[in-house]
Amino acid sequence: PGDTSVLAGLYGPAEAKVSKELPDRAALEVLLRPKVGLPGVLERSREQLLRQTCEAVVLGMLHPRTAITLVLQVLSDAGSLLSCCLNAACMALLDAGLPLAALFCGVTCALQPDGTILLDPTARQEQEARAIFTFAIASSERKVLMTNTKGSCSVEEMQQCLAAAQCAANTIFQFYRDSVRRRYSK
Amino acid sequence: AEALVGQVVLPGDLLLLPAHYDEDAEGERLRLSAGAAPQGRLLCGPGLRRSGAGLLVTKCGLLRHRPAGGGAYWVDSKQKRYVPVKGDHVIGIVTAKAGDVFRLDVGGSEPASLSYLAFEGATKRNRPNVQVGDLVYGQFVVANKDMEPEMVCIDSSGKSSGMGIIGQDGFLFKVSLGLIRKLLAPKCEIIQELSQLYPFELVLGMNGRIWVKAKTVQQTLIIVNILEACEYMTAEQRKQALAKLSGN
């Protein structure tokens, strides 16, 4: 824990190309660049997950016909990459001052073969686990915005992982609050 | 909502207005609100939206309150990207001349348009001398999310009141919007302290752009560096820096 890091840059609301602009809301685009190599299919699918999560919270109605671009660069990957990207994306949206309906955070949950739940697993623990869940949880009543599952498990186990993730989300939201407080204290 | 004034709020926080405190408790018929409900209309400023019983915070920042009038709440945020608002005075850079209209870059999502007749004393025969790349200080007459923003360089009575083309030389740079609002506050300390250092001309645009001109290039650059650093320096650090400079 602590070795996965992602750099996020947000640009917008900026002028959109005529082919990409939407008449009633902002067009959100996410670009995810891996540490080495060219972006592949895995990065594209993660980009779409992030895009749909962000579109659910960003108030795009306030900026029609504009483009909001979010660029994520993976600096180091030691497990739980998708939830790290989610947290980086949320902090970038917060910092840039885009109007948001709620905050969100990403929590990864690994279900080990013996049934114990592990939060924020390392790459090694992810490989040994029976199932891995990534949840995007919103700050308003801890609703789930996005779920990504790898592996198989029963419905009860998934509910337990979800409950654990919602508790962990509180820690992350407190971290957001403290960072913002530090920024505005000067 | 009153308890949070002056504190950091995050998007997603729901603020309850004083008039609705008694709706908060379930099953109680007694009035709970001790404070009087604000008279008149409550103004919901930038960073807040009305939702149901209260105000939903949409940007992170410090919550501010002004009790004058019906009362107004807003969020002070330190963002850098500008979104055009009607009535704001901004510095724009001329990018193109299209017929009777100039296109200006104001740092928003679209270029703003400025008609050549919107200057003081301009007629169809007497056109203003504006070239591509000039700096113009004007205010928005039309600025909403659905239309292209339009600017003018005269106010409602037809006088220019300081607006128009900004002269040659000088230095244009960009800072965050929060710093501009701080500098525009009446009796701003930073400006008073800087004016004791060197005489200079200053134009502040609400889009985060500042234009400075002093007697020599070196003095101009010193003022630019101090203004840029003011964002992160505390008052004591700034006084120390200025004392060092005036001592030299």
Scanning region A:137-152 for residues that are among the small types (Gly, Ala, Ser) and either over 26 Å from A:Ser76 (Cα atoms) or more than 14 Å from every other protein chain (Cβ to nearest Cβ) (or both), the one surrounded by the most Cβ atoms within 10 Å (Cβ to Cβ) turns out to be A:Ser139
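Going through region A:5-31 one residue at a time, which ones are polar (S, T, N, Q) and touching a strand residue (DSSP E or B) at 6+ places or on another chain (Cβ under 6 Å)? Steps first, please.
Of region A:5-31, the ones polar (S, T, N, Q) are A:5, A:19.
Of everything in region A:5-31, just one residue is polar (S, T, N, Q) and touching a strand residue (DSSP E or B) at 6+ places or on another chain (Cβ under 6 Å), namely A:Ser5.
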Scanning region A:138-186 for residues that are over 21 Å from A:Pro121 (Cβ atoms) and among the hydroxyl-bearing types (Ser, Thr, Tyr) gives A:Ser139, A:Ser140, A:Tyr176, A:Ser179, A:Tyr184, A:Ser185
Picked from region A:40-53 (must be open to solvent by less than 40 Å² (accessible area, probe 1.4 Å) and without any contact (Cβ under 8 Å) to a residue 40 or more places away in the chain), the residue farthest from A:Leu93 (Cα to Cα) is A:Gly40
Reported set for region B:84-104 where residues are within 14 Å of chain A (Cβ to nearest Cβ) and open to solvent by 60 Å² or more (accessible area, probe 1.4 Å) is B:Val85, B:Thr95, B:Arg103
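Given the criteria surrounded by fewer than 17 Cβ atoms within 10 Å (Cβ to Cβ), under 28 Å from B:Val75 (Cβ atoms) and either at pLDDT 90 or above or among the β-branched types (Val, Ile, Thr) (or both), does B:Thr234 qualify?
When the stated conditions are applied, B:Thr234 passes them.
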Requiring at least 2 residues that are at pLDDT 90 or above and either in contact with a helix residue (DSSP H, G or I) (Cβ under 9 Å, 6 or more places away or on another chain) or within 10 Å of chain B (Cβ to nearest Cβ) (or both), the strands (runs of 3 or more DSSP E) wholly within region A:32-123 are A:66-76, A:104-111
Over region A:3-31, the set of residues within 14 Å of another protein chain (Cβ to nearest Cβ), part of a loop (DSSP other than H, G, I, E, B) and not hydrophobic (A, V, I, L, M, F, W, C) is A:Lys17, A:Lys20, A:Glu21, A:Pro23, A:Asp24, A:Arg25
Of the candidates B:Glu201, B:Glu189, B:Glu236, the one satisfying the condition of being acidic (Asp, Glu) and farther than 22 Å from A:Arg183 by Cβ is B:Glu201
Next item on the list: Please tell me if B:Ala118 is within 14 Å of chain A (Cβ to nearest Cβ) and without any contact (Cβ under 8 Å) to a residue 60 or more places away in the chain.
Entry: no
Is it the case that region A:154-167 has a residue that's outside any helix (DSSP H, G or I), farther than 26 Å from A:Gly9 by Cα and either open to solvent by less than 10 Å² (accessible area, probe 1.4 Å) or free of Cβ contacts under 8 Å to residues at least 24 places away in the same chain (or both)?
yes
The condition from (1) within 18 Å of A:Met146 (Cα to Cα); (2) open to solvent by less than 40 Å² (accessible area, probe 1.4 Å) that A:Glu29 misses is numbered (2)
Flagged pairs (Cβ under 8 angstrom, 6 or more apart or on separate chains; first in region B:134-156, touching a residue at least 12 places away in the same chain (Cβ under 8 Å); second open to solvent by 40 Å² or more (accessible area, probe 1.4 Å) and of a type in the set (Phe, Trp, Tyr)) are B:Cys153/B:Tyr137
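The values are calculated or read from the model by the stated rules, or taken from the named source; none is laboratory data. Note that the structure is predicted; figures quoted are calculated from it, not measured. Counting neighbours? That spans all protein chains shown, and the Cβs are built from the backbone with ideal geometry, glycine included. Just so you know, the surface numbers come from the protein's heavy atoms only, side chains and all, with ligands and any DNA or RNA stripped out. Shrake-Rupley method; radii C 1.70, N 1.55, O 1.52, S 1.80 Å.
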